[in-house]
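Structure first, then comments.
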Amino acid sequence: MKKGLLIVLTGPSGVGKKTIWSPIINNADLNLVFSVSMTTRKPRNGEVEGVDYFFRTKEQFEEAIKNGELLEYATFANNYYGTPISFVEKLRNEGKNVLLEIEPKGGLQVMGIAKRNHDDRFVSIFVAPQHIEELRSRLLNRKTESEKVIEERLEQAKWEIKQQDHYKYVIINKQNYPERSTEELYRILLNEIAENEKRD
C-alpha cells in the first residue's frame, strides 16, 4: 500500500480555507481525511470533540509538547493549537491522503520536518486573500471574536501573507467566488495524487 500524502493547507485566519476544502473532502478520487488538530481553546457552538478539534487543557497540551507528540504547534490569543503526530501517521500508513488545515507558522514547521525527513509525499498550499480589507470583512462577519482579537489576527495576517512564497502552490480566494478556489484545489490534489502513485 502506498503511503498517503501529507497536504498542508494554510493561510491567514478568515481567508476561507474550510469553505474551499469542505466541498471536496469526501470526493472518492482524492481519498482525503481531514486531520483533527488539538487546541486549548473552548469549543464553539456545534463543535464536536475528535471531529472539529481534540479539546485539551493547557497542562495536557504542554505535556504533549514536552513528549514530542506534535507535528507542529502555535499559540494565538492565549491558546495552543497543534497537530498530533500519531493521528496523522496512522492515517497516512493506511494509504489515506491527510489534509492539515493549519496556521502559516505551523505550516512552515511541518515543511521543515518534511524536508529533514526527506518526505517527498508532501504538498504545501497557501490560501491568500485578494487584499487585507477582505479579511477584515470576513472576520467581522463571523461574529465569533471581539474587535481586539480581530485586530490581532489582521496584524498576524500581514506577516503570514508574506510567507506565501515558501509554499508550492498559492490559491487566491476571491471573497464571492469560493467555488473557483475549490476547483483549483481539486486540480492540484488530483495532480499530486497521480504523482504519488508513480513513486516507489
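The values are calculated or read from the model by the stated rules, or taken from the named source; none is laboratory data. None of these values were measured; they are calculated from a predicted model. Neighbour counts are summed over all protein chains in view; Cβ atoms, including those assigned to glycine, are modelled from backbone coordinates with ideal geometry. Areas reflect the complete protein model, heavy atoms only, side chains present, ligands, DNA and RNA absent. Shrake-Rupley method; radii C 1.70, N 1.55, O 1.52, S 1.80 Å.
Couple of notes before you dig in:
- Apart from one condition, T83 fits all of (1) touching a Leu at 6+ places or on another chain (Cβ under 8 Å); (2) surrounded by 20 or more Cβ atoms within 10 Å (Cβ to Cβ); (3) modelled with pLDDT of 95 or more; (4) not charged (D, E, K, R); the exception is (3).
- Within the range 100-111, considering residues that are within 16 Å of G14 (Cα to Cα) and assigned to a helix (DSSP H, G or I), the one least open to solvent (accessible area, probe 1.4 Å): P104
- Residues satisfying the stated conditions in the range 112-135, i.e. in contact with a helix residue (DSSP H, G or I) (Cβ under 7 Å, 6 or more places away or on another chain) and either in contact (Cβ under 8 Å) with a residue 60 or more places away in the chain or among the acidic types (D, E) (or both): R121, F122, V123, S124, I125, F126, V127, A128, P129, L135
- The lone exception for P129 - which of (1) under 26 Å from D29 (Cα atoms); (2) open to solvent by less than 20 Å² (accessible area, probe 1.4 Å) it fails: (1)
- Pair list, Cβ under 6 Å, 6 or more apart: the range 1-30 residue within 25 Å of Q156 (Cα to Cα) and among the basic types (K, R), other residue outside any helix (DSSP H, G or I) and open to solvent by less than 10 Å² (accessible area, probe 1.4 Å): K17/L9; K17/G11; K17/V127
- Helices (runs of 4 or more DSSP H) fully within the range 112-200 counting 1 or more residues that are under 15 Å from P12 (Cα atoms): 132-142, 147-162
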